[in-house]
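Notes follow once the structure below has been shown.
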Amino acid sequence: MDVFEQAFAELNIEAHFDETGTFSCTYERSGGTTDEESMLFLAAYQDTQNMTLRLSVTTHNEIPNNLSADFFRYFSEKAIEPFRGGVGAGVLPGENNVTVYQSIKASDLLEGSLLETVESLMEEAEEWDQQLIYYSQLDSNSGDKTVDNASLTPPQRSFFELDRKA
């Protein structure tokens, strides 16, 4: 069992990374209910070259067709948050859901920070779900400037492929 699988074992998750170094499962926050809404999609990529574990959690709710300028601005700010060491947000190719992500150094996994990071990502995804519900319910006649999300073209590579080409 490698360091990445050991870290997941501490969460009572039997992680089996495939030949590309990815692993995914549904995960329930500790203290959550057992209904489907409390389960979120967790994906991990073990970058053995850089000795990091990249984690992502995907929301339940989709981005609305018309985005308010406020939502788009907030989303854009969160997309670059990893440059400041925080949790990033983005949309994977072919998806309409927000995915939050963060990387952890393997040396930090030994300190038991995986649970803290996963819980933080789950909380962030739940906050995005609430934002998506709110903005989906906004009246399109509210006078707020909107951006048609069909004009937003995501990159053609998934989050887990970003460093592979380097």
- Positive-end residue, segment 36-144 charge dipole about Cα centroid, Cβ charges, pick of 79, 48, 106: 48
- Item | Cleavage-rule hits, trypsin sites (Lys or Arg not before Pro), segment 26-129, DSSP coil, Cβ neighbours within 10 Å at most 12 | none
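May I ask you to compute the full-extension gain from residue 3 to residue 41, defined as 0.36 nm times their residue separation minus their alpha-carbon distance, rounded to one decimal in nm?
Separation in residues times 0.36 nm, less the Cα-Cα distance, equals 11.5 nm.
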- Note on the structure: For the residue 133, residue 73 Cβ pair and Förster radius 25 Å, calculated FRET efficiency rounded to 0.05 is 0.85
- Item | residue 80 - accessible surface, heavy atoms, 1.4 Å probe, Å² rounded to 10 | 90 Å²
- Task: Could you please state how large a percent of the accessible area of segment 55-146 is carbon and sulfur, counting protein chains only and using a 1.4 Å probe?
- Result: 46 percent
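The values are calculated or read from the model by the stated rules, or taken from the named source; none is laboratory data. What you see is a predicted model; the values in this text were computed from it and never measured. All Cβ positions, glycine included, derive from the backbone under ideal geometry; neighbour counts span all protein chains shown. Calculation scope for accessible area: heavy atoms of the full protein, side chains included, ligands and nucleic acids excluded. Shrake-Rupley method; radii C 1.70, N 1.55, O 1.52, S 1.80 Å.
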